[in-house]
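This report refers to the structure that appears directly beneath it.
Every number in this text was worked out from the coordinates using simple rules, so none of it is lab data. Here the structure is a predicted model, which means the values were calculated and not measured. Every residue, glycine among them, receives a Cβ derived from its backbone with ideal geometry; neighbour counts consider all protein chains shown.
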Amino acid sequence: MTKDDLLTLMVYAIMMVAAIFIGIQVIGPALDDLGLLATSERVGFALITILIGAILNIFLFELGHVIGAKLGKYQIISVNFAGICIYRTEKRWKVRFQSFDGLTGETKVMPKTAKSNPKPYIWGPIMLFVIEFAVLIFGVYSFLPNDSFIKQGAMVVASVGAMLAIYDIMPFKLDTLNDGYRLVLISKPINVEAYNEIMRIQGLNYQGVEVKDIRVFEEITSLTASVNLLKVYDFEDQKNIIEADKLVDAIIANKDKINTSTLARATAQKIYIMINNKVAAEEIEKYWLSQTNEIRRLIGSDWALETIRVYLLYSGIVAKSATECAYAINRRPRAVKRLETNARLTKENVLFDEALAQIKTANPDWEFEVH
């Protein structure tokens, strides 16, 4: 178990304790004050108010991102409310169901200028929650009688928002990208520049626009390394393996300055470059085994299509494992779905198909069961 996994479990444990506390100290007394005795009445009130709390707070959290993005001078690309995605096209806004990177939703933005400030965008959800909490507790709960459904419902709704806020403000990497970790990432000025570059590239890609002017950062942090990796992928698209190799080596040389997941992705691309440079399988295997168990696990489990193609190549060319190749191939559809509006998808599909062709050439008797 990695440090990030452990921290994520700790946060979910805190949320579980908070949920139990809310059930015992908030919902239970509310049901008693309302005089609800029948089990169906008590369960019904609890479910309805919790559902209202979840819907309202999901909406407010993403609205906070939208308002903050406008204040910080960002263009809104899409807003995802628990899978319901409202996204921008050239002429109008549309709606579809789409996955998201977040606990309850995700708002994609793109900087309008080099001076766009991400802090209002990141702080927006917490600011709206504070306002919501103040209105519900000090403006509703405090002035209504105990037997009021609105009074007791307001407390439940505010409590649900508090649970979501706990997750959102945690200042470390969790299983999804939360705002507390975003604030940690942009603590240095160079990281604000890198964050805006990532948002710019992702925004253009999301709109189907090819990005050709990706910035390269000399100072390496987790965020600048992430930008440089996007440039590595661009070099690989162009078959410029020499420049890709230089950039990957610069990232790995600063491994103490970047997070583990970014290092794993850089390491994967180093393996890709070694395979394309016709380095002996024994040397590549030696390099693979020199990595920590955590790095190898992250490479094998990453949902980025760029990493999956590397794992496919390694499994077929170096490890000679048909099982692991099938595992990588069957992860492709979900990875593609995550990039379904991304301008990089076409190029990445070409690289994946090239990798698969290499596997079939090296192992002509293999057959893969694709699910």
Checklist entry - Hey, fewest Cβ within 10 Å first, where do Ile48, Ile169 land in order? => result Ile48, Ile169
Next on the checklist: How many angstrom lie between the Cα centre of region 145-159 and the Cα centre of region 47-96?
Outcome noted: 26
Item to check | Nitroxide proxy distance, nm - points 7 Å out along Cα→Cβ at Ile137 and Leu56 | outcome: 1.4
Item to check | Extent along principal axes [Cα atoms of region 308-355; Å; largest to smallest] | outcome: 33, 17, 11
Checklist outcome for this item: Each label sits 7 Å from Cα toward the beta-carbon; between Ser290 and Ile150 the label points are separated, in nm, by 6.9
Item to check | Sites Arg334 and Asp175, calculated FRET efficiency, Cβ-Cβ separation with R0 22 Å, nearest 0.05 | outcome: 0.85
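Can you tell me the mean projection area, over all orientations, of the convex hull of region 140-201's alpha carbons? Units nm², please.
Details: hull surface 25.7 nm².
Averaged projected hull area, Cα only: 6.4 nm².
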Item to check | Spread of Cα-to-Cα distances over 20 Å intervals beginning at zero, given as percent, for the chain | outcome: 25, 50, 22, 3
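Explain nothing, just the number: relative contact order of the chain, from Cα pairs under 8 Å at least 6 residues apart, as a whole percent. Walk me through the numbers before you get to the answer.
Working: 489 pairs, mean separation 48.5, N = 371.
Here the relative contact order equals 13 percent.
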Next on the checklist: If I model region 3-183 as equal point scatterers sitting on the Cα atoms and use the Debye formula, what is log10 I(q)/I(0) at q = 0.10, 0.12, 0.16 Å⁻¹?
Outcome noted: -0.46, -0.64, -1.02
Item to check | Residue exposure sequence - Tyr287, Tyr233, Tyr311 - by fewest surrounding Cβ within 10 Å | outcome: Tyr287, Tyr233, Tyr311
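Calculate how large, on average over all directions, the projected area of the Cα convex hull of region 276-371 is; give the answer in nm² to one decimal.
The orientation-averaged projected area of the Cα hull of region 276-371 comes to 6.3 nm².
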Checklist outcome for this item: Rounded to two decimals, the Debye log10 I(q)/I(0) of region 176-252 (Cα scatterers, no solvent) at q = 0.17 Å⁻¹ is -0.68
Checklist outcome for this item: Computed about the Cα centre, the charge dipole of region 3-183 from +1 Lys/Arg and -1 Asp/Glu charges at the Cβ has a magnitude in debye, to the nearest 20, of 1120
Checklist entry - Label 7 Å along Cα→Cβ of Lys73; region 113-141 residues with amide nitrogen under 11 Å? => result 113-118
Checklist entry - For region 1-72, what class follows from the C-alpha gyration tensor (a ≥ b ≥ c being the square roots of its eigenvalues): rounded when a/c is under 1.5, otherwise prolate if a/b is larger than b/c, else oblate? => result oblate
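What is the diffusion coefficient of region 210-276 in µm²/s, taking the Kirkwood radius over Cα pairs and the Stokes-Einstein relation at 37 °C with a viscosity of 0.692 mPa s?
Numbers: Rh = 11.6 Å.
Rounded to a whole number, D works out at 282 µm²/s.
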Item to check | Vicinal HN-Hα couplings computed from phi for region 122-128 (Karplus, 6.51 cos²θ - 1.76 cosθ + 1.60; Hz; Gly/Pro x) | outcome: 7, 7, x, x, 5, 4, 5
Checklist entry - On average, how much area does the Cα convex hull of region 111-270 cover when viewed from any direction, in nm²? => result 11.8
Item to check | Between helix 322-338 and the chain: long-axis angle, C-alpha atoms, 0 to 90°, nearest 10 | outcome: 50
Item to check | For Gly72, distant residues with modelled amide H under 5 Å away | outcome: Tyr121
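Evaluate 2.2 N^0.38 Å with N set to the residue count of region 206-362, then give the Cα radius of gyration divided by it.
Values: Rg = 14.7 Å, N = 157, 2.2 N^0.38 = 15.0 Å.
Normalised Cα radius of gyration, region 206-362: 0.98.
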Checklist outcome for this item: Treating only Lys and Arg (+1) and Asp and Glu (-1) as charged, each at its beta carbon, one finds that the chain has a dipole about its Cα centre, in Debye to the nearest 20, of 880
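Let me know the shape class of region 44-101, please: from the alpha-carbon gyration tensor, a ≥ b ≥ c as square roots of the eigenvalues, rounded when a/c is under 1.5, otherwise prolate if a/b is greater than b/c, or oblate. Write out the running numbers ahead of the final one.
Details: a/c = 3.23, a/b = 1.70, b/c = 1.90.
It is oblate, given that a/c is not under 1.5 and a/b is not larger than b/c.
Taking a 23 Å limit on the Cα-Cα distance, which of the listed pairs Lys91/Lys347; Lys91/Lys119; Lys94/Lys115; Lys239/Lys286; Lys119/Lys188 fall beyond it?
Numbers: Lys91/Lys347 26 Å; Lys91/Lys119 29 Å; Lys94/Lys115 29 Å; Lys239/Lys286 25 Å; Lys119/Lys188 12 Å.
The pairs that break the limit, which is 23 Å between Cα atoms, are Lys91/Lys347; Lys91/Lys119; Lys94/Lys115; Lys239/Lys286.
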